[in-house]
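The values are calculated or read from the model by the stated rules, or taken from the named source; none is laboratory data. Everything numeric in this text was worked out from a predicted model, so none of it was measured. Ligands, DNA and RNA are excluded from the accessible area calculation, which covers all protein heavy atoms including side chains. Shrake-Rupley method; radii C 1.70, N 1.55, O 1.52, S 1.80 Å.
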Amino acid sequence: AQEGAKRVVCADRFHRVDWSITVERVKAASERYHHAKIFVDSTGVGEPVFETLKKAGVPVEAYPFTTKSKGALVDNLSMMLEKGEITLPRADLWPIGIDELESFEFAVSETGHIRTSAPSGLHDDCVIAVALAAWACRKPPVDVNAALDRMLEHYKPRERREPFTGGSDYRPGI
């Protein structure tokens, strides 16, 4: 996703490609879009992927996947899509991604936790890739207290004036 436009401009899905070619493709995509930062799953098998991209000079940022962090990622994408803040490619240009997004599921566990995933037998790679890109251009939450402190720093109270008590032609009640 691009920072200003917040639209998906590159989708490159591949598998069974030599790892060195994969790294070069990711690096080239980042360079093509002004060295766009790429968020990468940094848990489990994702850690060596993150480290390899980092060593190759790709501007990457680790995103550790936990139940909570994946929920935040998906919630952010959902909100951005709901508000029209991110534009996806047309279905005829990116059918796999649109299909994954349309079939992505939310379920509430017996303990009350929300679980997100692709239906059994399907993938969510494109969903997670778009969610990571959307995370990179999300609006940071506003710290209301810090905003008020900044406003008060610039606030200068007016001179204190004596209350109006009337003048020579002052007549209360008229």
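By the rule of a C-alpha distance below 19 Å, with chain neighbours fewer than 8 residues away ignored, the lysines paired with K83 are K6, K139.
Please report the accessible area of F14 (heavy atoms, 1.4 Å probe, ligands and nucleic acids excluded) in Å², nearest 10. F14 exposes around 60 Å² with every protein chain in place. Largest to smallest in accessible area, the residues T116, T43 fall in the order T43, T116 (1.4 Å probe, all protein chains included). Under 17 Å of direct C-alpha separation, and excluding same-chain neighbours fewer than eight residues apart, K27 reaches these lysines: K37, K54, K55. Computed with a 1.4 Å probe over protein heavy atoms only, the accessible surface of region 1-137 comes to 63 Å² per residue. As a length-normalised measure over Cα pairs under 8 Å and 6 or more apart, the relative contact order of region 4-63 settles at 31 percent. Each of S20, S42 has its accessible area taken with a 1.4 Å probe; listed largest first, they run S20, S42.
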